[in-house]
Amino acid sequence: HPNAIYNNSTLIGFFMYKRAENQPDKVTLCRFMIDYRFQHKGLGKKAFEYILKGLKIQGVRKVILMIDNANEIAKNLYLSFGFQFTGKIDKNEYYYELDMEELP
């Protein structure tokens, strides 16, 4: 499911997720990107919060994502929302997951 991220009427980024038909309450976040011109302004954090709230409204109970462990900015963002490292590493991608029940 590809989605654009807007700040008012300005396109600032993109995210994409997939959901297996046999597990509709579980989502894998494949991409989350904020255009470099809009980074370091707090927009990424606001957008990510909005994405998670939208997924929760749709009945999603678990979100999984993979990151390059050297990407400290992304890792810190995801950890700030409660994502936890699962212990799984595949092709230099570290798997993190979030139990949506813990979100307000």
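The values are calculated or read from the model by the stated rules, or taken from the named source; none is laboratory data. Treat the numbers as computed from the prediction; the structure is a model and nothing was measured. With ideal geometry, Cβ positions are generated from the backbone for all residues, glycine too; neighbour counts draw on all protein chains shown. Remember, those area values only see protein heavy atoms, side chains included, never the ligands or the DNA or RNA. Shrake-Rupley method; radii C 1.70, N 1.55, O 1.52, S 1.80 Å.
Couple of notes before you dig in:
- Since only PHE38, MET100, GLN58 are under comparison, the one whose Cα sits farthest along the positive direction of the charge dipole of the chain, derived from C-beta charges on Lys, Arg, Asp and Glu, is PHE38.
- Most fluctuating residue given options LEU55, LEU11, LEU29, as computed from a GNM of the chain linking Cα atoms under 10 Å: LEU11
- Here the chain is assigned +1 on the Cβ of each Lys and Arg and -1 on the Cβ of each Asp and Glu. Its dipole about the Cα centre then comes out at about 260 debye.
- Å² of accessible area per residue within the chain, as computed with a 1.4 Å probe and no ligands counted: 67
- Area accessible to solvent at SER9, 1.4 Å probe radius, in Å²: 100
- Cross-link partners for LYS45 among the aspartates and glutamates, with Cα-Cα distance under 14 Å and sequence neighbours closer than 8 places in the same chain left out: ASP35.
- The accessible surface of the chain, taken with every protein chain in place and a 1.4 Å probe, is 49 percent carbon and sulfur.
- Antiparallel %, DSSP beta bridges [both residues in the chain], to 5: 85
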